[in-house]
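Here is the structure we will look at, set down as structure tokens.
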């Protein structure tokens, strides 16, 4: 399987043998839709699809993003910024949501169906204007979301899970 180092990231195809020329064509947004694995060593890795529609619009879907190596604050932010700069188009993150056709939105990063474990990360990214929308069962955030609602969501998803109540059992020593 061919690997390409492009924009400081190692890229490989997921399902079929792709040559270097095919990988570069897909990465530049001119090939057929393909799912690609990527890794920036000691920083992050993930899975993404890139494709160009019939109108010439580039579509990027981020299926997985994981910080690797030494866990440092800000690596996830850097990864999102880097991916957004590389592709210069809408980046849709499926976390892990079902793929749905993208609506007409501003160019940027759009998250669909965040899960409870990653919700606080996406809320923070939205508050920092790195993510432009978050849509799903847990929350719907866009440019019209009031600051008060953001604070409530941040507090809700930042809360440490509470330990289950301790229970005691009484045994009877009857004979």
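We did not get these values from a lab; they are worked out from the coordinates using the rules stated. As the structure is a prediction and not an experimental result, all values here were calculated from the model. Reconstructed Cβ throughout: ideal geometry from the backbone, glycine too, with neighbour counts over all protein chains shown.
Summary of values
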| quantity | calculated |
| --- | --- |
| P(r) of region 17-100 over all Cα-Cα pairs, binned every 10 Å from zero, in whole percent | 17, 48, 30, 5, 0 |
| Hull volume in cubic angstrom per residue (convex hull over the Cα atoms of region 3-158) | 112 Å³ |
| Burial ordering of 64, 132, 92, fewest other beta-carbon atoms within 10 Å first | 64, 132, 92 |
| Protection proxy ranking, peptides 24-35, 135-146, 76-87, average beta carbon neighbours within 10 Å, highest first | 76-87, 24-35, 135-146 |
| Per-residue Cβ neighbour rank within 10 angstrom, fewest leading, 117, 22, 149 | 117, 149, 22 |
